[in-house]
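All remarks here apply to the structure that follows.
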Amino acid sequence: MSDPAGEPVGDEPEDVAGLREEIDSVGRSAAKRIDPGAGALTIAVAALAILVSLILPWADGATGLTVLFGDADSLPKIFSYVAVVGGVLLPALTLALRRWVLAWICALASFVGAFTGVVSIWTTQTTTGHHPGPGPGFGLVLAVVAVVVLLVKWLKLAASRPPMQ
């Protein structure tokens, strides 16, 4: 049996089936993307704070750039790498591409950065003797606070993905 247009009844016409497939592909593509909204500004400010912290003193009067490119203790040096890569470069890429999986990678990198940053502050305050260490500089504290802010923002953004249907 066929309808007046000559197409079979009960089956979708080809143009409706093509439209349905196009709508489904747009839905699948949208599910892979994030919308940071106003959180993008917070992420950008935190990344800027990390960059500014590099010119401030981190430990024993050494600036963040000296720690990043020069000779320094291993833990603050590891934190400096994680802060620059996971707090500046990776968020810039993620905000440009807006991929959900990159948001999770940023959240994990921020977690590693927050952990190594807090431990870096702790190690600058302790020594092998009984006297307190030199303590962290303002730049190191600023970088750790910025990475913790990034951690909170990225976790919130990555976990906000709507459920797949």
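The values are calculated or read from the model by the stated rules, or taken from the named source; none is laboratory data. Just so it is clear, the model here is predicted, and its values are computed rather than measured. Backbone-built Cβ (ideal geometry, glycine too); neighbour counts: all protein chains shown. Side chains are part of the model used for accessible areas, which takes the heavy atoms of the whole protein and leaves out ligands, DNA and RNA. Shrake-Rupley method; radii C 1.70, N 1.55, O 1.52, S 1.80 Å.
Summary table
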read-out	value
Checking ILE50 against (1) open to solvent by less than 20 Å² (accessible area, probe 1.4 Å); (2) β-branched (Val, Ile, Thr); (3) touching a Pro at 6+ places or on another chain (Cβ under 7 Å), the condition it does not meet	(3)
Test: residue in the range 127-142 that is within 18 Å of SER53 (Cβ to Cβ), modelled with pLDDT of 90 or more and open to solvent by less than 10 Å² (accessible area, probe 1.4 Å)	yes
Subset of the range 73-108 (residues that are under 8 Å from the mean Cα position of the chain (by Cα) and either under 18 Å from GLY37 (Cα atoms) or of a type in the set (Lys, Arg) (or both))	LEU90, PRO91, THR94, LEU102, ALA103, TRP104, CYS106, ALA107
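Conditions tested, residue by residue: (1) surrounded by fewer than 24 Cβ atoms within 10 Å (Cβ to Cβ); (2) of a type outside the set (D, E, K, R); (3) in contact (Cβ under 8 Å) with a residue 24 or more places away in the chain.
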| residue | (1), (2), (3) |
| --- | --- |
| ALA59 | no, yes, yes |
| PHE69 | yes, yes, no |
| SER74 | yes, yes, no |
| LEU90 | yes, yes, no |
| ARG98 | yes, no, yes |
| ALA103 | no, yes, yes |
